[in-house]
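**Q** Here it is, the structure in full.
The values are calculated or read from the model by the stated rules, or taken from the named source; none is laboratory data. Just so it is clear, the structure is predicted and the values come from calculations on it, not from any experiment. Please note: Cβ atoms are built from the backbone with ideal geometry, for glycine as well, and neighbour counts cover all protein chains shown. Just the protein is used for accessible areas: all its heavy atoms, side chains included, with ligands, DNA and RNA removed. Shrake-Rupley method; radii C 1.70, N 1.55, O 1.52, S 1.80 Å.
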Amino acid sequence: MEEELIQIKNSAVSLALDAKDKKELDDLKIRFLGRSGRLTLALKELSKLPKEKRPEVGKLANEVKNTIEETILEKESQVTKQKSQELKEKIDISIPGIKPQIGHLHPMTQVIYDVVNVFKGLGYQTADGPEIETDYYNFEALNIPKDHPARDTQQTLYLDTRNAKVNPGEIILRTQLSGMQARAMEKIKPPLRVIVPGKVFRYEQVDASHGFEFWQLEGFLVDTNVKLTDLFGTIDYVLRKLMGENIKLKFATTNFPFVEPGVDTYIECTVCKGKGCSFCKMSGWSEIMPAGMIHPNVLKAVGYSSRQWNGFAFCIGLSRLVTLRYKMDDLRLLTNPDMRILEQF
Ligand code: DAH
């Protein structure tokens, strides 16, 4: 019996020491220590020994069991260590990882969010309207009757109305967002402060600073006793918030039939810093925010009393704002879907 136990121990220990991986060691455990393992079966024979021999052999059997268990355990930790060492050698943890591609908002969307936020702080509400507009809202309600020369400046895209029950020329793609003045005023009672970000369309000669579709933000305020200086203050505050405190601005007079007086706001060209470039047509300045005091005829068209109420309106050329802010020298980059371009902003 003793001899057999020693034999079992020797063979288990030598097999364990030769084992190459965890699997081999697990197999050994079963082969020697499992329910019908060699040691387990040998132990069952103990009861057949004469009583006085049992304690001695029993002690030996225990020692054998412990030795086998310990050897297997030790070998196990050795094998695992070796395995992770091998893995470490295979994996070069100093190689930089592959960055996942994370999308971001289009520069135009970022700018719209920023502009809307600034106006929110001034108490303006945001409105939205149709891109397909009627001649009435786009022109008539804005003090621009059918024969008005100001229509020439708005290269209008007319929709085919042959199968519609409207007069030819009545339905257009909106050329400006000012049409939203009448739409909003018809629905809201004064006093009001509204902004409308959106896309407008014109039959334009496309170049670095002109597109046939572009973004504007129209804004208007109607209240009592509104002054031109309130408008100047608003423009100055908003543009500095958006473009930085140190920008250079200048105001000039201008003419739009729906405002009187009309004001044009210019910002020093950020592309060339006022030196003159193709973007600012060599003038060093970029027109960014036309505005003015709302013409009484516009208020009358929506049924407001122009004695009681007055206000101002303005428009921010959003496409231009984006190109100035990101120093893009071509407006067409904004409608370019090329990821190599968009990823830069
Ligand atoms: N709607 C005009 C355009 O797109 C811009 C404009 C000028 C809007 C003066 C205004 C304004 O609200 O007061 O040409």
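Quick grid of which residues meet (1) of a type in the set (A, V, I, L, M); (2) touching a helix residue (DSSP H, G or I) at 6+ places or on another chain (Cβ under 6 Å); (3) within 12 Å of the ligand (Cβ to nearest atom):
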| site | (1), (2), (3) |
| --- | --- |
| T254 | no, no, yes |
| F279 | no, no, no |
| S283 | no, no, no |
| P337 | no, no, no |
| I341 | yes, yes, no |
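**Q** Still on this structure, please answer the following. Out of curiosity, is T126 at pLDDT 90 or above, of a type in the set (S, T, Y) and more than 20 Å from the chain's Cα centre (by Cα)?
**A** Considered against the rule, which asks whether it is at pLDDT 90 or above, of a type in the set (S, T, Y) and more than 20 Å from the chain's Cα centre (by Cα), T126 comes out as yes.
**Q** I need every pair where a residue in the range 157-179 that is under 25 Å from Q216 (Cβ atoms) and more than 16 Å from the ligand (Cβ to nearest atom) has its Cβ under 6 Å from the Cβ of a residue that is open to solvent by less than 10 Å² (accessible area, probe 1.4 Å) and not charged (D, E, K, R), sequence separation at least 6 or different chains.
**A** Every condition considered, the pairs that remain are Y158/I172.
**Q** Within the range 242-260, which residues are outside any loop (DSSP other than H, G, I, E, B), at pLDDT 95 or above and surrounded by 14 or more Cβ atoms within 10 Å (Cβ to Cβ)?
**A** As a first pass, look at the range 242-260 and keep what is outside any loop (DSSP other than H, G, I, E, B): 242-243, 249-254, 259-260.
Keeping just the survivors that are at pLDDT 95 or above gives 249-254, 259-260.
Matches in the range 242-260: L249, F251, T254, V259, E260.
**Q** From the list S278, S319, S286, S305, which one is among the small types (G, A, S) and at pLDDT below 85?
**A** Values: S319 fails: at pLDDT below 85; S286 fails: at pLDDT below 85; S305 fails: at pLDDT below 85.
From the options S278, S319, S286, S305, the qualifying one is S278.
**Q** Consider V298 carefully, then state whether it is among the β-branched types (V, I, T) and more than 13 Å from the ligand (Cβ to nearest atom).
**A** Values: among the β-branched types (V, I, T): yes; more than 13 Å from the ligand (Cβ to nearest atom): no.
Criteria not met by V298.
Table: residues versus (1) part of a helix (DSSP H, G or I); (2) open to solvent by less than 80 Å² (accessible area, probe 1.4 Å); (3) on the phi > 0 side of the Ramachandran plot.
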| position | (1), (2), (3) |
| --- | --- |
| N10 | yes, no, no |
| L17 | yes, no, no |
| S77 | yes, yes, no |
| P96 | no, no, no |
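**Q** Every residue in the range 206-227 that is open to solvent by 20 Å² or more (accessible area, probe 1.4 Å) and closer than 12 Å to G317 by Cα, please.
**A** Hits for the range 206-227 are H210, E213, F214, W215.
**Q** Of all residues in the range 213-250, which are within 21 Å of T153 (Cα to Cα) and in contact with a helix residue (DSSP H, G or I) (Cβ under 7 Å, 6 or more places away or on another chain)?
**A** Just the residues of the range 213-250 that are within 21 Å of T153 (Cα to Cα), to begin with: 213-219.
F214, W215, Q216, L217, E218, G219, listed by residue number.
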